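Asks: Here it is, the structure in full.
No value in this document is a laboratory result; all are computed from the given coordinates. Every value quoted in this text rests on a predicted model; they were computed, and no experiment measured them. Quick reminder, even Gly has a Cβ in these numbers, built from the backbone with ideal geometry, and neighbours come from all protein chains shown.
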Amino acid sequence: MKPINIAILGCGTVGTGVARLLLENADILKDRVGCDLNLKYVADIDTETDRGIAFAPGVMIPDAAKAIADPEVDIVVETIGGEGIAKQMMLDAIAAGKHVVTANKALLAKHGNAIISAATEKGVDLAYEASVGGCMPIIKTVRESLVGNRISAMTGILNGTCNYILSKITDEGVVFEKALAEAQAKGYAEADPTLDVEGFDAAHKLAILAALAFGMQINFDDVYIEGISRITPMDIEFAAQFGYRIKLLAITKFDGQAVEARVHPTMIPFDNMLSNVNGTLNAISVSGDAVGDILLYGHGAGMMPTASAVVSDIADIARNLASNGAGRVPVLGFQTDKVRAIPVRPMDDIVTNYYFRFDAMDRPGVLAAIAGILGKYAISLKYVHQKGRKTNGSVPVVMLTHHAREKDVRRALSEISALDVVAGEPMVVRIEDQNGH
């Protein structure tokens, strides 16, 4: 069979890793795929930096448009990142009849419906395994391995930066700012860490996963997003006393009527497998009616883990080309005419358990005042814990609730915040516990 020609757009961390795998593992790839995967172009405006790879003459070029226009190129790999030029290049490649591989979760989360529509109309494959979970094969698992299942829920640790920071706070008792600075020093966090620590990166991935799991259009705008910057060692210590660890979780559930899609710090029991996923690792649990619960676990970022996922997509498309099977697996796992708009349940309507921490004045009647307001909104308490350590005249009062509705919780906390015996904004962490009440 003739070689499959590949063009990589962007030669940063991921693009370099993909090029390295294609060149260094060319023999085993040929044995597995059945043809040569020929790296014809690597297009990047910077052609001078040494990437540690000896490219053949003519492979490294500054002009991505030339790579896209070349009729011999079969697969275009977008590793530019961002939502600007990357989107245009991807659409140009699709319009030119090229199959496209991308790791760009932000682009797919925000513009994926239009890009998928363009690829479907043109009859080309769009593959994106590396966009969620790095080397964890979650896209392939949902689209192919779990095709016989009705998926009811997916819960994941989808951002290694946040997981590293929370692990540091848990293990060493350092404050958020110090843990973040260490993550930046080690290269785990960007100079501007907002996308990671405020939950947006995980939300991009969750929007893609919900679409795959439930046959819905990608709907990033309705994902509830809350980051980890307010989590303190005190909250992690209290969580441990109640048998929980705090993780930034991406959660989606479908009850047949509406989808939950939310990213926020969450307390999970010690015996939940996700609670023991630490450092920069990612993991995701999938609940299906046939398989029960399964867990995927691995490196969610980094040059070679991400490149591994990209190359798996390249190999899949190459096999499709060998058998004239383009479009064999629908982009979102459902036939195009079966992908529909499913409402996302407003956060106000979510029902779960809650952890509250109030900084309350050490006076008689304070607990009764707080509990009275919670009772007014039908929020029943499971535990109440008052520590004797004073900070500026106040003591931490910690409460765990039974199931409560988010809207009621917000109303109650607004009234409690207005009490003159409560200082500052209450701390709230949602609890996911299969034991329920």
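Asks: Can you give the Rg to Rh ratio for the stretch 350-431, taking only C-alpha atoms and Rh from Kirkwood?
Replies: Details: Rg = 11.8 Å, Rh = 12.6 Å.
My calculation puts Rg/Rh at 0.94.
Asks: Name the trypsin sites (Lys or Arg not before Pro) in the stretch 136-178 that are in a loop by DSSP and that have at most 13 other C-beta atoms within 10 Å, would you?
Replies: Here the sparse-neighbourhood loop sites are Arg150.
Asks: Putting +1 on Lys and Arg Cβ atoms and -1 on Asp and Glu Cβ atoms, find which of Gly123, Ala86, Val100 reaches farthest to the positive end of the dipole of the stretch 1-148.
Replies: Projecting each Cα onto the dipole axis, the largest value belongs to Gly123.
Asks: Within the stretch 172-232, which GluC sites (Glu not before Pro) sit in a loop by DSSP and count at most 16 neighbouring Cβ atoms inside 10 Å?
Replies: Filter output for the stretch 172-232: Glu190.
Asks: Let me ask you something else. Once you have the alpha carbon radius of gyration of the stretch 138-299, what is it after dividing by 2.2 N^0.38 Å, with N set to its residue count?
Replies: Working it through for the stretch 138-299, the quotient is 1.03.
Asks: Where does each of 204-216, 396-408 land if you order them by average Cβ count within 10 Å, highest first?
Replies: 204-216, 396-408
Asks: A further question on this structure: Among Leu419, Leu206, Val344, whose Cα lies farthest out toward the positive end of the dipole of the chain, if unit charges sit on the beta carbon of Lys, Arg (+1) and Asp, Glu (-1)?
Replies: Positive-end residue among those listed: Leu419.
Asks: Could you tell me the ratio Rg/Rh of the stretch 265-328? Both radii from Cα atoms, Rh via Kirkwood.
Replies: Dividing the radius of gyration by the Kirkwood radius yields 1.13.
Asks: Follow-up. Considering the options His264, Gly325, Phe55, tell which one lies farthest towards the positive end of the dipole of the chain, charges being +1 on Lys and Arg and -1 on Asp and Glu at the Cβ, about the Cα centre.
Replies: His264
Asks: Skipping prolines and chain starts, which residues have an amide H placed within reach, meaning under 5 Å, of the one on Ala301, given they are 5 or more residues away or on another chain?
Replies: Sorted by chain and number, the residues that satisfy this are Cys135.
Asks: Then there's this: Largest first and in whole Å, give the semi-axes of the chain's equivalent ellipsoid, each being the square root of 5 times a Cα gyration tensor eigenvalue. Walk me through the numbers on the way to the answer.
Replies: Values: eigenvalues 416, 107, 59 Å².
Taking √(5λ) for each Cα gyration eigenvalue gives 46, 23, 17 Å.
Asks: Explain nothing, just the number: dipole magnitude of the chain about its Cα centre with +1 on each Lys and Arg Cβ and -1 on each Asp and Glu Cβ, in debye rounded to the nearest 20.
Replies: Numbers: 41 positive and 52 negative charges, 200 e Å.
Computed about the Cα centre, the dipole is about 960 debye.
Asks: Also, quick follow-up: Among the GluC sites (Glu not before Pro) within the stretch 47-151, which fall in a DSSP loop and have no more than 11 other Cβ atoms within 10 Å of their own Cβ?
Replies: Numbers: sites: Glu48, Glu72, Glu78, Glu83, Glu121, Glu129, Glu144; in loops: Glu48, Glu72, Glu83.
Passing sites in the stretch 47-151 are Glu48, Glu72.
Asks: Cα centroids of the stretch 39-66 and the stretch 148-190: how far apart, whole angstrom?
Replies: If we compute the Cα centre of each part, the gap is 34 Å.
Asks: What are the residues whose amide H is under 5 Å from the amide H of Gln217, where those residues sit 5 or more places off or on another chain and H is modelled from the backbone?
Replies: The answer is Arg340, Ala341, Ile342.
Asks: Given the pairs Lys122/Lys205; Lys87/Lys168; Lys140/Lys178; Lys178/Lys407; Lys87/Lys205, which span a C-alpha to C-alpha distance of over 28 angstrom in this model?
Replies: The answer is Lys87/Lys168; Lys140/Lys178; Lys178/Lys407.
Asks: Only counting other Cβ atoms within 10 Å, I'd like Phe55, Phe176 sorted with the fewest neighbours first.
Replies: Phe55, Phe176
Asks: I need Met89, Met1, Met361 ordered by Cβ neighbour count within 10 Å, fewest first.
Replies: Sorted ascending by nearby Cβ count, the order is Met1, Met361, Met89.
Asks: Mind putting a number on the dipole of the stretch 64-202 about its Cα centre? Charges go on the C-beta only, +1 for Lys and Arg and -1 for Asp and Glu, and I need it in Debye to the nearest 20.
Replies: So the magnitude is around 340 debye.
Asks: How high is the relative contact order of the chain? Use alpha-carbon pairs under 8 Å, at least six apart in sequence, and give a whole percent. Each step should come with its number before you reach the end.
Replies: Working: 889 pairs, mean separation 70.0, N = 437.
It comes to 16 percent, rounded to a whole number.
Asks: What is the stretch 254-403's relative contact order, in percent, from Cα pairs under 8 angstrom and six or more apart in sequence? Spell out each step's value before the answer.
Replies: Details: 138 pairs, mean separation 29.8, N = 150.
RCO, the stretch 254-403: 20 percent.
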